[in-house]
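The values are calculated or read from the model by the stated rules, or taken from the named source; none is laboratory data. Keep in mind the model is a prediction, meaning the values are calculated, not measured. Because the Cβ atoms are built from the backbone with ideal geometry, glycine has one as well, and the counts that use them run over all protein chains shown.
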Amino acid sequence: MASEIPDNSVGLVKPLSHRFDSSITLQSGAKLPGFELVYETYGRLNEERNNAVLICHALSGHHHAAGYHTREDTKPGWWDNCIGPGKPIDTDHFYVLSLNNLGGCHGTTGPTSINPDTGEIYGPTFPTVTVKDWVQTQHMLAQTLGIDKFAAVIGGSLGGMQAMQWTIDYPDRVAHALLIACTPKLSAQNIAFNEIARFAISSDPEFNGGHYQTRGVNPERGLGLARMVGHVTYLSDDAMGDRFGRELKSGDIALGQDVEFQVESYLHYQGETFSKLFDANTYILMTRALDYFDPAREFNDDLVRALANAKAKFLVASFTSDWRFAPERSDTIVDALIAAGKDVISTTIESTFGHDSFLLPIPRYFGVLHAYMGRIARERDL
Amino acid sequence: MREDLRIIANLIKRDARVLDLGCGSGELLEHLAHAKNILGYGIENDADEIAACIQRGINVVEHDLNEGLQRFTDKSFDMVVMTETLQAIDSPHQLLDEMLRIGEECIVTFPNFGYWGHRVRMLTSGNVPVSQPIPHRWFDTPNIRPCTFLDFEQLCEEKDLRVIQRLVFSSSYKTGSLMKRFPNLFGAIAFYRLGRAL
């Protein structure tokens with residue numbers, strides 16, 4: 001609401017977009033005949049062009065990280081608590097770039113876009129995209145904006161993987177990488193949960209092998225179920241217990257009712273809302289990108305060698321109750337960085353909120369981000 | 001500058017890889033970076049100290065030393081330093097092994113519980129000593145493994161750890177001839193540089 005946009009918000013923002021007309025070859029070998037990236041920026045790029053920060057989004061994220069699109073918006077961008085004047089990623093100092101990754105469903109070219117070669121919607125024929133592809137296209141976008149080197153590339157979860165890939169693929173173009181609730185690769189259990197999500201989607205009769213859009217239907221039940229499963233893995237047992245306990249919707253047990261416990265109705269709500277806003281093919285693509293991520297693989301499974309050429313300084317933060325990407329996974333990254341002789345600061349934040357912690361304004365976590373970003377600002381006299 | 005930092009800096013080669021166990025706010029690593037261009041990492045588990053390291057831009061890993069150092073590979077550091085922390089470790093004997101597994105050498109300092117002042121206090125008042133290097137009372141002290149020069153050297157001998165150098169200091173890191181002759185009685189701070197057995 002108009003009068004309610006707080007002072008420490010970046011305020012009203014407008015999504016921008018850049019069209020790349022030449023084709024690019026993706027990691028899979030597939031060629032994409034041009035594409036469009038939707039993005040937002042907050043703050044101002046200074047004359048030295050040394051205050052740019054890239055925000056990489058996670059599985060279901062997008063370009064709208066901070067501020068409001070209209071005065072009527074009820075909710076700000078997905079990381080608004082962290083980006084803005086005086087916030088940990090302080091837009092008084094930094095120029096923040098946030099984009100919707102290739103294959104996304106929020107305006108960037110993806111499965112819901114038209115394939116110019118055929119004139120038809122890509123749907124399931126949209127090529128496989130990887131973290132490496134995202135980093136390549138993020139770099140292309142940065143160049144169009146006159147950013148040669150990022151002061152920091154920041155991401156949580158899948159976003160952290162992009163930040164890590166940046167330091168490997170473009171070592172001279174990133175000064176600091178902030179990897180939050182991240183992992184150097186998915187575990188079998190992680191992949192299993194992703195496969196349950198994908199199977200839920202493809203089992204929906206409306207999925208039609210991914211050609212649902214052309215048939216005017218949407219596999220909402222499947223996508224909703226995928227989100228419900230995913231959501232459980234983002235929270236912790238304690239977090240769910242604290243929030244819902246065994247609270248009943250009606251206040252008393254009514255055997256045989258459909259939705260009995262509060263947590264059930266919460267999950268259904270999450271699934272339903274998400275399935276109306278997100279594209280099923282994109283969800284499949286993004287979970288695949290998670291599964292494939294493993295930068296050590298092309299270095300004989302040696303993460304130390306994979307990170308050997310990195311020139312960035314690292315902040316690695318994890319959360320005690322995160323069982324999806326547990327602190328031990330972050331430790332693996334930290335240990336590899338130390339073995340490779342890289343500068344790294346690593347913290348494990350006490351939190352009961354599970355993997356989702358990386359999106360929450362946990363005081364110690366935000367204190368760490370604030371201090372680290374403050375140091376980056378001081379290094380640059382921002 | 002703190003005297004112990006100067007002394008440690010003198011013992012560290014230029015460009016060395018240094019691990020500082022219980023690095024606090026990163027003062028030693030910052031000094032070593034300037035004085036000796038080292039590549040240093042600190043281990044710390046106190047949130048406020050870690051915050052101070054972040055402010056300083058000092059490499060720090062949040063980790064509890066009582067969980068051991070298994071995550072670090074053999075001989076991955078030139079020097080592993082642990083100042084005035086040994087007495088607060090669950091299994092100091094195992095940690096010493098670990099320090100010399102991952103480091104070529106290590107420096108260990110700790111308050112000498114055999115210092116004459118403590119002995120007098122024990123004898124006269126009968127209380128567990130409280131002093132500047134060990135400022136806590138018995139029930140809330142982190143110093144759960146009090147030891148003396150004598151105790152430590154006995155352990156080194158049992159474990160076949162090589163004492164390369166021993167220094168004796170007052171609580172303000174001054175030295176004197178009396179404490180050099182009778183370290184266990186007149187030394188407040190024990191300072192050891194250790195290596196693996198030859």
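For residue A:263, state whether it is within 13 Å of chain B (Cβ to nearest Cβ) and either modelled with pLDDT of 95 or more or in contact with a Phe, Trp or Tyr (Cβ under 8 Å, 6 or more places away or on another chain) (or both). Even if it seems obvious, please write down each step before you answer.
Details: within 13 Å of chain B (Cβ to nearest Cβ): no; either modelled with pLDDT of 95 or more or in contact with a Phe, Trp or Tyr (Cβ under 8 Å, 6 or more places away or on another chain) (or both): yes.
Answer is no for this residue.
Whether a residue is more than 12 Å from chain A (Cβ to nearest Cβ) and crowded, with 19+ Cβ neighbours inside 10 Å was assessed, and residue B:22 passes this test. Scanning segment A:281-305 for residues that are surrounded by 18 or more Cβ atoms within 10 Å (Cβ to Cβ) and either farther than 20 Å from residue A:28 by Cβ or of a type in the set (S, T, N, Q) (or both) yields A:281, A:282, A:287, A:303.
With respect to (1) out of contact with any helix residue (DSSP H, G or I) (no Cβ under 6 Å at 6 or more places or on another chain); (2) at the interface with chain B (Cβ under 10 Å from one of its Cβ atoms); (3) within 21 Å of residue A:231 (Cβ to Cβ), the lone exception for residue A:331 is condition (3). Total residues in segment A:77-120 satisfying the condition of being buried (at least 19 other Cβ atoms within 10 Å of the Cβ), within 26 Å of residue A:281 (Cα to Cα) and not polar (S, T, N, Q): the figure is 13. Any residue in segment A:338-347 that is surrounded by fewer than 19 Cβ atoms within 10 Å (Cβ to Cβ), at pLDDT 95 or above and more than 9 Å from chain B (Cβ to nearest Cβ)? Yes - at least one qualifying residue is present in segment A:338-347.
Restricting attention to segment A:357-382, and to residues there that are away from chain B (no Cβ under 14 Å) and at pLDDT 95 or above, which single residue is nearest to residue A:233 (Cα to Cα)? Show your work before the answer.
We begin by selecting, within segment A:357-382, every residue away from chain B (no Cβ under 14 Å); these are A:357-361, A:381-382.
Of the ones still in play, those that are also at pLDDT 95 or above are A:357-361.
Numbers: A:357: 12, A:358: 14, A:359: 15, A:360: 16, A:361: 20 Å.
Looking at the filtered set, the residue picked out is A:357.
Just give me the residues in segment B:1-19 being part of a loop (DSSP other than H, G, I, E, B) and either within 27 Å of residue A:371 (Cα to Cα) or more than 14 Å from every other protein chain (Cβ to nearest Cβ) (or both), in sequence order.
Initially, segment B:1-19 is screened for residues part of a loop (DSSP other than H, G, I, E, B), giving B:1-2, B:12-16.
Selection gives B:1, B:2, B:12, B:13, B:14.
Listed by position, the strands (runs of 3 or more DSSP E) enclosed by segment B:25-143 that each have at least 1 residues that are buried (at least 21 other Cβ atoms within 10 Å of the Cβ) and more than 11 Å from chain A (Cβ to nearest Cβ) are B:77-83, B:103-111. If we scan segment A:265-278, do we find a residue that is of a type outside the set (Phe, Trp, Tyr), under 30 Å from residue A:178 (Cβ atoms), out of contact with any Gly (no Cβ under 7 Å at 6 or more places or on another chain) and in contact (Cβ under 8 Å) with a residue 12 or more places away in the chain? Yes, segment A:265-278 contains a residue that is of a type outside the set (Phe, Trp, Tyr), under 30 Å from residue A:178 (Cβ atoms), out of contact with any Gly (no Cβ under 7 Å at 6 or more places or on another chain) and in contact (Cβ under 8 Å) with a residue 12 or more places away in the chain.
Just give me the residues in segment A:22-47 being surrounded by fewer than 18 Cβ atoms within 10 Å (Cβ to Cβ) and of a type outside the set (S, T, N, Q), in sequence order.
As a first pass, look at segment A:22-47 and keep what is surrounded by fewer than 18 Cβ atoms within 10 Å (Cβ to Cβ): A:22-25, A:27-31, A:33-34, A:36, A:44-47.
Those that are surrounded by fewer than 18 Cβ atoms within 10 Å (Cβ to Cβ) and of a type outside the set (S, T, N, Q): A:24, A:29, A:30, A:31, A:33, A:34, A:36, A:44, A:45, A:47.
Looking only at segment A:193-240, residues that are aromatic (Phe, Trp, Tyr) and surrounded by fewer than 17 Cβ atoms within 10 Å (Cβ to Cβ) come to 1 in all.
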